[in-house]
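The values are calculated or read from the model by the stated rules, or taken from the named source; none is laboratory data. Small disclaimer: the values here were computed from a predicted structure and weren't measured. Heads up, the Cβs are rebuilt from the backbone with ideal geometry, glycines too, and the neighbour counts pull from every protein chain shown.
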Amino acid sequence: MKLTIDGRELEAKEGQTILKVAGDNNIYIPTLCYNEAVAAYGSCRICMVEIEKGKRKRLVASCLYPVEEGLVVYTDSPKVIANRKMLMQLLLARCSKNEAVKSLAKKLGVTETPFKLEDKNCILCGLCARACEEVVGTSAISMVNRGVTREVSAPFHEASIECIGCGSCFYVCPIDAIKMEDKGDVRTLTMPNPEMQEVKFKLSKCKKCGSYWAPEKQLAFIAKKAGIAPESFDLCPDCRD
C-alpha cells in the first residue's frame, strides 16, 4: 500500500505502523516509550503525528497507528510541534535533573518549563516492566497505582523474589533511570523507586578464565526454562568459543 509522510510518497506493508514506515525511510519521529523488543504501548505520546483522512485531521500515536492506503501523515505540523513541546515541558518539570530528558527536550526546542519542578527519575514509560514480562517472562516489576501515585514497583514495594538480575530493565530504560553495576562477584541493580532502591545478585564465576559474568539466579532461570543442564554455564561466552 502507499501513503504520504511529509510530502513523500512511500510504500508500506499491511500491519506496519506509521513509526515503523517513517523509521525505515529515515524520517525522524522522537520516541521514549518505544522499543522493538516489546509490544508498542503509546504511553509517552512523544511520537504523536498528524494524519489526514479525507477532510479530517487528527493527532495519533505513530507507534500504535497502522498504515492505511492513501493515508497522509505530517510529522512536524504546527499541531504536532505544539503537542510535543507541551509533553516535553511536562516531562522536563517531572524529571528536571535527568540528562536524557533534558537532551531530548533541547532537541525538540524546549529548554525551560512553566510547570513546577520536581526531582523524579522515572517517566513512567513502562518499558522496564514490559521487558520484564514480555521478554524475560518473570514479571518481577510492574506499573502500580493510578494518577499522581503511579509508579514502577515490585510486589509490596520490596525486592522481588522473581527478579533474576538479568538487567533487561536497565538496558531498555530510555532515560538511564535504572543503574546496574558489576563489582567483584556482585551485581547491583538500582531502581528509581526509593522504596526498592538496591537489589544485589551473586555473579557466576567462569571455571576457565575466572571472570564473573552473569547472575547465578539468571543462569538457573535460563537452564530451567530451556531444559538444559546448569553445567552448561560453567564457562563464560568468551571461553566457550
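Considering only residues of the range 208-219 that are over 18 Å from residue 160 (Cα atoms) and more than 25 Å from the chain's Cα centre (by Cα), which is surrounded by the most Cβ atoms within 10 Å (Cβ to Cβ)? Among those that are over 18 Å from residue 160 (Cα atoms) and more than 25 Å from the chain's Cα centre (by Cα), it is 212.
Residues of the range 91-116 that are closer than 14 Å to residue 32 by Cα and either surrounded by 14 or more Cβ atoms within 10 Å (Cβ to Cβ) or touching a residue at least 12 places away in the same chain (Cβ under 8 Å) (or both): 91, 92, 95, 98, 99, 100, 101, 102, 104, 105, 107, 108.
Table: residues versus (1) part of a helix (DSSP H, G or I); (2) under 25 Å from residue 41 (Cα atoms).
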{"site": "152", "(1), (2)": "no, yes"}
{"site": "164", "(1), (2)": "no, yes"}
{"site": "200", "(1), (2)": "no, no"}
{"site": "209", "(1), (2)": "no, no"}
{"site": "219", "(1), (2)": "yes, no"}
{"site": "225", "(1), (2)": "yes, no"}
{"site": "239", "(1), (2)": "yes, no"}
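Take the residues of the range 117-150 that are within 19 Å of residue 38 (Cβ to Cβ) and touching a Leu at 6+ places or on another chain (Cβ under 9 Å): which is surrounded by the fewest Cβ atoms within 10 Å (Cβ to Cβ)? Filtering the range 117-150 for residues that are within 19 Å of residue 38 (Cβ to Cβ) and touching a Leu at 6+ places or on another chain (Cβ under 9 Å), the one surrounded by the fewest Cβ atoms within 10 Å (Cβ to Cβ) comes out as 150. State which residue is nearest to residue 207 (Cα to Cα) when the search covers only the range 220-241 and only residues that are aliphatic (A, V, I, L, M) and loosely packed, with under 12 Cβ neighbours inside 10 Å. Checking each candidate, the answer is 229. Just one of (1) assigned to a strand (DSSP E or B); (2) free of Cβ contacts under 8 Å to residues at least 12 places away in the same chain fails for residue 214. It is (2). Quick check: anything in the range 9-23 outside any loop (DSSP other than H, G, I, E, B) and within 22 Å of residue 123 (Cα to Cα)? Within the range 9-23 (the criterion being outside any loop (DSSP other than H, G, I, E, B) and within 22 Å of residue 123 (Cα to Cα)), the answer is yes, since at least one residue qualifies.
Among the residues of the range 14-25, the one identified as at pLDDT below 95 and over 17 Å from residue 61 (Cα atoms) is 14. Among strands (runs of 3 or more DSSP E) entirely within the range 25-122, having at least 1 residues that are among the charged types (D, E, K, R) singles out 48-53, 56-61.
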